[in-house]
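Written below as structure tokens is the structure these notes are about.
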Amino acid sequence: MTETFSFRILATDGTARRGEITMPRGTVRTPAFMPVGTGGTVKAMYLDQVRALGSDIILGNTYHLMLRPGAERVARLGGLHDFARWPYPILTDSGGFQVMSLAKLRKLNENGVTFRSHIDGAAYEMTPERSIEIQGLLDSDIQMQLDECTALPAKPKEIERAMELSLRWAERCKAAFGEQAGKAMFGIVQGGDIGELREKSAAALTAMDLKGYAVGGLAVGEPQEVMLDMLEATCPVLPEDKPRYLMGVGTPDDILKSVARGIDMFDCVMPTRAGRHGLAYTRRGKINLRNARHADDPRPLDEESECPAARDYSRAYLHHLVKSGEALGAMLLTWNNLAYYQRLMADIREAIAAGRFSDRAAELTEGWARGDIAPL
């Protein structure tokens, strides 16, 4: 068991990287997908299941946990790992995105942001120091700086103002975090859809010599081409020997294309949210179990899958559960989706190690394009 935080690259294929992040609570194989456990739970899943699917790390959310049940309460109960029965690595985001998108009556200034809870209207203040304090109370292994995430589209001056503020907040977060053995604080590259600002942000954060770097403010409604352009502007500026995390991404296709540009870590609510709404991700693409065409279909989602939810239940039964609003439908489809995402990440890692990432990416894309096989 190591007492330090480290990252090493095990193989490259073009700009795609296979590596591992080592922390006291475990090793994260990269490229990695982090299931989102917003409030200390990955919705519709037991965390034992999440681990069994191949997840090395999950994500928790500072904003939601500070409001309910409260960071100080979680700390008294042993920290988020004990509280949720997940003894492996946890990354917590700073809460900044949720403050900007969910909170009521928010007011931002140089010091931080004041806001009212979307739950009960109670007033709070989030500063860079308070965000790090909360993440410390949660006892997460990777902690994110507080940043201002600007919704796109936005005017260039507004994007630049938010990027510069985020850099100043990164300095304050770094000071508040200090040196913590076995843990890391990541900075967040901002700059909207302006490549020059992304490069400036990445260079300034690199100069801070942080243990990892995230790319934020993307996958917020902009076209995929814009996101990829921003990665192409950003990744070459970031140090090669530190992990790179693309926040809030995304679809399987987003992940493939981002890995090709040098990204190591991902998180997204998409597989769990889709599962709760009747949508399954498979090697044949997306399957909407709400559609009537599945009502009499005895086939499973994927007869070759290692996941029982995909292999052992008929589409007709899954359709029935979804249409009836049964909780089991959301549980089975979430199980399937997270299994598919973790299988995708394992495929990517194996392909990079074998020097055939481009070929495997083409095979996966072809399978999605071919689509589901029509009912027999």
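No value in this document is a laboratory result; all are computed from the given coordinates. No experiment lies behind these values; they were computed from the predicted model shown. Cβ coordinates were reconstructed from backbone atoms using ideal geometry, including for glycine residues, and neighbour counts include every protein chain displayed.
Structure values in brief
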read-out	value
Estimated [θ] at 222 nm from DSSP helical runs (n ≥ 4, -39500 (n - 2.57)) normalised by residues in the chain, nearest 500	-12500 deg cm²/dmol
Hz values of 3J(HN,Hα) by residue in the stretch 63-77 - Karplus curve (6.51, -1.76, 1.60), Gly and Pro given as x	4, 5, 6, 5, 7, 7, x, x, 5, 5, 5, 4, 4, 4, 8
Karplus (6.51, -1.76, 1.60) ³J(HN,Hα), θ = phi - 60°, over the stretch 9-14, in Hz, Gly and Pro reported as x	8, 9, 7, 10, 9, x
Chymotrypsin sites (Phe, Trp or Tyr not before Pro) within the stretch 14-64: DSSP coil, no more than 13 neighbouring Cβ in 10 Å	Tyr46
Residues whose placed amide H lies under 5 Å from that of Arg106, excluding near-sequence neighbours	Arg116
Hydrodynamic radius of the stretch 277-370 per Kirkwood, over alpha carbon pairs, in Å	13.8 Å
Residue among Ala52, Gly178, Ser258 farthest towards the positive dipole end of the chain, charges placed on Cβ	Ala52
Among Glu158, Glu148, Glu225: highest mean-square fluctuation, GNM of the chain, C-alpha pairs under 10 Å	Glu225
Formal net charge of residues neighbouring Glu306 (Cβ-Cβ distance under 13 Å; K, R +1; D, E -1)	-2
For the chain: relative contact order, % (alpha-carbon pairs under 8 angstrom, 6 or more apart)	17 percent
Relative contact order (%) - the stretch 277-370, alpha-carbon pairs under 8 angstrom, separation at least six	31 percent
Span-rule helices in the chain, defined as complete DSSP H runs reaching 27 Å or more along the axis (Cα) with Kyte mean at least 0.0	327-354
In order through the stretch 36-48: 3J(HN,Hα) via Karplus (6.51 cos²θ - 1.76 cosθ + 1.60), integer Hz, x for Gly, Pro	8, x, 3, x, x, 8, 7, 3, 6, 9, 7, 5, 4
For Phe5, distant residues with modelled amide H under 5 Å away	Gly182, Lys183
Taking Trp335, Trp368 and counting other C-beta atoms within 10 Å, the order from fewest to most	Trp368, Trp335
Debye, to nearest 20: dipole size of the stretch 1-92, +1 on Lys, Arg Cβ, -1 on Asp, Glu Cβ	140 debye
Given charges at beta-carbon only (K, R positive; D, E negative), |dipole| of the stretch 277-370 in Debye	280 debye
Selected from Val189, Val226, Val36 as most flexible by GNM, with the chain as the system and alpha-carbon contacts under 10 Å	Val226
Among the listed pairs Lys183/Lys257; Lys43/Lys104; Lys174/Lys242; Lys200/Lys257; Lys174/Lys211; Lys43/Lys257, those beyond 18 Å (Cα-Cα)	Lys183/Lys257; Lys43/Lys104; Lys200/Lys257; Lys43/Lys257
Pairwise Cα inverse-distance average, inverted: Kirkwood Rh of the chain (Å)	21.2 Å
Dipole magnitude (debye, nearest 20) for the chain, charges at Cβ of Lys, Arg, Asp, Glu	780 debye
